[in-house]
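One structure below.
None of the figures in this text is laboratory data; all of them are computed from the coordinates on show. Keep in mind it's a predicted model, so treat the numbers as computed, not measured. Ideal geometry is used to build each Cβ from the backbone, glycine not excepted, and the neighbour counts take in all protein chains shown.
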Amino acid sequence: MRPLIDIAIAIVIAAGIGLSTAWLAVERGNIFGLVRIGDWTASPEAGSPGADPYAVARLARTGELPLGAGEGLAFTVSVDADGDPLAGNCTYHIDGQTPAARLWTLTAYDQDGRLMANAAQRQGFHSREILRRTDGSFDIVVSPDVQPGNWLPIAGAERFKLVLRLYDTPLTTGTPADSTMPDVRREQCR
Amino acid sequence: MNRTLLYVIGGLMLAGIIHITSVLMVPLFATADAWSQMRQFGRDGAFHVLPQARPGAEPLDGLDPRMLYSVCRFSLADGPLQISAALPDSFWSIAVFDRRGRNAYSLNDRAAERSELDLVIITPVQMAQLRQDPPEALETAIVVELPLDTGFALIRVFVSDDTMLPRARAALDSAECSNAI
């Protein structure tokens, strides 16, 4: 009787470990093939026929459609330069240059990846409408308060993230060593 | 002691097997995957323009609010699929996914080197049959061999501002997706 009980216990524990690690791995997603530039991350593999099983499982659960390798690459940032999570009550400067791309869009999402409503009806910017400095760099101000220049309003979110989608970029065929992403600098908080 | 070690090793191996199987099974049982969600937009075998993503009204997850999308669920069981559309020259791209949401093929307007999208998706078996007597449609189109039975195509068109919306919508309304060949 004793060995049988031991085996049963071992099986239950094994099932628990197997299922919980599988759930964690799929929920966290993008364990493999993550590309990191500064604090920005992207998973180019997710949009390719060679996507790993974890990425495929995560996409199946969310219904999200990744950008294909022939379309572009989406980078996400959810922390500032100091490593603190992006908070909806603070003002941030997204300052610098993007890697080469024919077109890019920067969009703000809440923690769950949903668009956020605001009075200004603006969820993001694209590369053909922002104000730039003479050297081509830009400064987008993400803030709950009205700002001069490229103001991306956020309202009512405790935490948020920014997605920079680079369309038609050479990054999809490999990461050049010199590619830079804009810095995310926190200014003041309310 | 030995027996305990045996249980631990056996348990870990079993946990590994359960982990791998459940990850692989997730796509088979997912009910909220892109394919299932697309049923709401209309019948298979035709493109449907999605409403623009707005806060609180996002037709699918993770869409770019600055793009207008059109989707077509298709089957290659009745023959190769022809996708055609006259699209604006700002920026557009098309992605083809399999039933499980894996990206099988993608292309943007510059790579296509033309503004008229003309794409034929064909299985290797159908291609082998058609090689004997290739129809005219195959000569001008971009022909992509994919081992799919069902899947969906997603076209995205860049909308720089709201004044461009009617043009983008009209272009996507013209998109066709049929087993005509």
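Residues whose amide H comes within less than 5 Å of that of A:MET116, counting only those at least five positions distant or on another chain, are A:ASP110 (H built at 1.01 Å from N in the peptide plane). Against chain A, whose longest principal axis comes from its Cα atoms, helix A:2-28 is set at around 10 degrees. Pairwise Cα distances in the protein assembly as shown exceed 27 Å for 54 percent of all pairs. Mean-square fluctuation check for chain A, GNM, Cα pairs under 10 Å: which of A:ALA42, A:ALA15, A:ALA101 is largest? Looking only at A:ALA42, A:ALA15, A:ALA101, the largest GNM fluctuation is found for A:ALA15. Highest mobility in the GNM of chain A, judged by mean-square fluctuation with C-alpha springs under 10 Å and restricted to A:PRO85, A:PRO49, A:PRO170, is found for A:PRO49. Dipole magnitude for the protein assembly as shown: computed about the Cα centre from +1 point charges on Lys and Arg Cβ and -1 point charges on Asp and Glu Cβ, it is near 880 debye. Note on chain B: Cα-only Rg and Dmax are 21.1, 76 Å.
Working note: 222 nm ellipticity from helices only, DSSP H runs with n ≥ 4, each -39,500 (n - 2.57), summed and divided by the residues of chain B, gives -9000 deg cm²/dmol to the nearest 500. Fewest neighbouring Cβ atoms within 10 Å first, the residues B:SER178, B:SER22 line up as B:SER178, B:SER22. Proximity of backbone amide H atoms, modeled 1.01 Å from N, is registered between A:TRP40 and no other residue at under 5 Å, excluding neighbours fewer than 5 places apart on the same chain.
Annotation: the residues B:ILE17, B:ILE121, sorted from fewest to most other C-beta atoms within 10 Å of their own C-beta, follow the order B:ILE17, B:ILE121. Using the Karplus relation 6.51 cos²θ - 1.76 cosθ + 1.60 with θ = phi - 60°, the per-residue 3J(HN,Hα) values for the stretch B:21-36 come to 4, 5, 5, 5, 7, 3, x, 6, 10, 5, 9, 10, 6, 4, 4, 5 Hz, with x marking Gly and Pro. Taking 7 Å steps out from each Cα toward its Cβ at B:ALA111 and B:ASP161 produces label points 3.1 nm apart.
Working from Cα pairs under 8 Å separated by at least six residues, relative contact order for chain A is 28 percent. Ranked by how many other Cβ atoms sit within 10 Å of their own Cβ, fewest first, the residues A:SER137, A:SER127 fall in the order A:SER137, A:SER127. Built from the Cα atoms of the stretch A:115-190, the convex hull projects on average onto 6.7 nm², one quarter of its surface area. Shape analysis of the stretch B:46-118 based on the Cα gyration tensor places the equivalent ellipsoid semi-axes at 21, 18, 11 Å, largest first. In chain B the longest region clear of GluC sites (Glu not before Pro) that are loop-assigned by DSSP and have at most 10 other C-beta atoms within 10 Å covers B:1-112. Rounded to the nearest 10 degrees, the inclination of helix A:53-62 to the longest alpha-carbon principal axis of chain A is 70 degrees. Residues whose amide H lies under 5 Å from that of A:ALA101, counting only those 5 or more places away or on a different chain, are absent; hydrogens are built 1.01 Å from N in the peptide plane.
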